[in-house]
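I have placed the structure first, in the form of structure tokens, so that the comments after it can refer back to it.
The values are calculated or read from the model by the stated rules, or taken from the named source; none is laboratory data. Everything numeric in this text was worked out from a predicted model, so none of it was measured. When we count neighbours, we look across all protein chains shown, and the Cβ atoms used for this are built from the backbone with ideal geometry, even at glycine. Only protein heavy atoms, including side chains, enter the accessible area calculation; ligands, DNA and RNA are left aside. Shrake-Rupley method; radii C 1.70, N 1.55, O 1.52, S 1.80 Å.
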Amino acid sequence: MKNMIGLELKKALSNKWFIAALCIGCGLSLASAVGDIFLFERWSAVIWNNVDTRFFPPASFSIYHYWIVLDISQPTTSLFYLLLPLLATIPYSWSYLSERKSGYALHLLAQSGRVPYLGSKLIAAFASGAIVIAAPLVLNMAVLLCFVPSCYQPDIYGGLQAVYQGSLWSGLYYTNPGLYCLAFFLLDCSFAGLWAAAVLALSSFVKNRIALLIAPFLFLILLSFLDEHLLIFLIPQDLTPFGYLRSMAIYSGYFTSGYTIIVEYAIIVAFTFLGALLALRRDDL
Amino acid sequence: MSLARIVLFDLRYGLARVWRIYLAVFASMLLLALSYYVNARVSQMDASSLSLGDYTVSVFTGMKKYIFNPNDPFNFPAAWMLVYLLASYLTLNYPYRDLQGVGKQVMAQAGSRLAWWVSKCVWVIVTVMVFYGLSFLALLLFCQVSGGALSLSVSSAAPVLLGFERGALKPEPWSLMSFVALLPLATSALCLLQLVLSLVLKPLFGYVCSISLLFFSSYFQNPLLFGNYLMAARSSVFVSDGVPYADGIIISIIVIVTSMVIGAVCFGRMDIVEKEQ
């Protein structure tokens, strides 16, 4: 099993799809960072010339205002989060379908068995999805830290920060912003990994690679539409990852509850196991 | 094999292959119409008075011009994106799969790569037309079932309910046909651009480019981002500071012609034998 995992990880993290998705994510994250740096430089001139710092506390313009998870000013930030579910699946979620079609899966199954093969595929898909999202988040933070201070003073007057009282983990933001950033980093990476694994498990039902990668993304867009226009009357919360992976309520105007995220994660994990179980029982590999 | 036969083959075979996506389009249009109906009821409007024109505008609304405000972060128009992402998805896979499969034999028989390319461009345009035909059929069906009027007039309450910029609204009546006539043209431009990118970059990255174009069109109101012409809330038919639909026609035609020419040149030089599965 260990050898299988090593092999799958090597395949997942060295293929050109992984590189391409990583380049797109890092490109968007870098563009956001550059835009925010220019914004920071412009605001710096205003801040230091402004005598009354009650309304423009200088420390509000720190890394905890501009990091990509908290950023609301750059279009590339919004595009990054829109593409996040798709970018997570591009590196390796198609691999099981592709190997089944080419017959390579039979070769590996004969050597290792179904459970190690599928298990290692899911682990590799999770890892590749998580890394493809983790790298841009880290890159954005690293570039911003070269220009923007990490000093901290909460903007209690509002209007400059996007984290309101009802936002997810807002208490953590105003007491320990570093831990807040770590929490969101783990949230985003874990969602990306789980989503990539779930889409790989979906290969048990879908025979077309393009449909496998795009249909789940379209499902999320549909969910976003339903959340905004219909479900909001029943469940007044942000239900889609386009919203809850960021630090504030954006898409529905309602804050996300941690319980909603836990329930959605449980659904994704359950679906992944169901797909894996069906794949294990298939006779027509 | 003549060009006409290749086109007929693609129309017959290619349209049949995407029947599931057409079903999804039909269902999505019904869902979008239902959403508008529910919102009208919640706003205490007489929902049975909504016309086919109202439903049409609701489906293709998009969003009003976005001006950055820290208290109002950008929220992409999910309903509008869903419509055009489905349209893009319809035209995404078939040309590339045909190239990997029977397309090579077709080119060999026809003795021309250009014939294959032109046929695919025609297929894309016809697919877009069928997309709109099916969409209007769905809206017509919903309108009939909900007791609405089968007219193309847009009520005065519709743009307000749909979030148009009130201060910029033009006086009634609004010429819905001028807006609707531009939609297939602009969508064909989007899909043909995606076709060229799909051949060069692979279909998935072509689709990522389409998503990005639609996203930036919703973020920036710019006449060069031709996704703007697909939004009723930004059309000069409805709002005074909207994108002029005459410009939309010109830009869409330019994009269509440019995509076809560049695609023909790129495809003519492409190695098609070793396209990976």
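A few points about this structure:
- Scope segment B:151-196; condition over 17 Å from B:V237 (Cα atoms) and touching a Pro at 6+ places or on another chain (Cβ under 9 Å); matching residues: B:Q194, B:L195
- Which listed residue is more than 24 Å from A:F18 (Cα to Cα), more than 14 Å from chain B (Cβ to nearest Cβ), open to solvent by 10 Å² or more (accessible area, probe 1.4 Å) and modelled with pLDDT under 90, from A:S73, A:S112, A:S62: A:S112
- Conditions (1) outside any helix (DSSP H, G or I); (2) at pLDDT 90 or above: number failed by B:Y55: (1)
- Index of the failed condition, A:G193 passing every other in (1) over 18 Å from the mean Cα position of the chain (by Cα); (2) in a helix (DSSP H, G or I); (3) more than 8 Å from chain B (Cβ to nearest Cβ): (1)
- Annotation for segment B:252-269: no member residue is within 14 Å of chain A (Cβ to nearest Cβ) and either within 21 Å of B:L90 (Cα to Cα) or over 17 Å from the mean Cα position of the chain (by Cα) (or both).
- The combined condition, being farther than 27 Å from B:F136 by Cβ, buried (at least 21 other Cβ atoms within 10 Å of the Cβ) and not hydroxyl-bearing (S, T, Y), is fulfilled by B:D98.
- Scanning segment A:88-102 for residues that are buried (at least 24 other Cβ atoms within 10 Å of the Cβ) and part of a helix (DSSP H, G or I) yields a count of 3.
- Members of segment B:43-101 found to be within 11 Å of chain A (Cβ to nearest Cβ) and over 24 Å from the mean Cα position of the chain (by Cα), listed by number: B:F68, B:N69, B:P70, B:N71, B:D72, B:P73
- For segment A:7-17, the candidate set comprises residues that are within 13 Å of another protein chain (Cβ to nearest Cβ) and in a helix (DSSP H, G or I); within that set, the residue that is least open to solvent (accessible area, probe 1.4 Å) is A:W17.
- Hey, B:D247 of a type in the set (D, E) and assigned to a loop (DSSP other than H, G, I, E, B) or not: no
- Selection of segment B:204-247 for residues being closer than 19 Å to B:M177 by Cα and either among the small types (G, A, S) or within 14 Å of another protein chain (Cβ to nearest Cβ) (or both) yields B:G227, B:A232, B:A233, B:S235, B:S236, B:S240, B:G242, B:A246.
- Among residues of segment B:73-92, those that are open to solvent by 10 Å² or more (accessible area, probe 1.4 Å) and modelled with pLDDT of 90 or more, counted: 4
- Whichever residue in segment A:228-240 is under 19 Å from the mean Cα position of the chain (by Cα) and open to solvent by less than 40 Å² (accessible area, probe 1.4 Å) and, among such residues, is nearest to the other protein chains (Cβ to nearest Cβ): A:T240
- Among the conditions (1) in a helix (DSSP H, G or I); (2) open to solvent by 40 Å² or more (accessible area, probe 1.4 Å); (3) more than 12 Å from every other protein chain (Cβ to nearest Cβ), the only one that B:A27 does not satisfy is (3).
- Pairs are defined by a Cβ separation below 6 Å, a sequence spacing of at least 6 or placement on different chains, a first member in segment A:168-193 that is open to solvent by 50 Å² or more (accessible area, probe 1.4 Å), and a second member that is not in a helix (DSSP H, G or I); the pairs so defined are A:Y174/A:P154.
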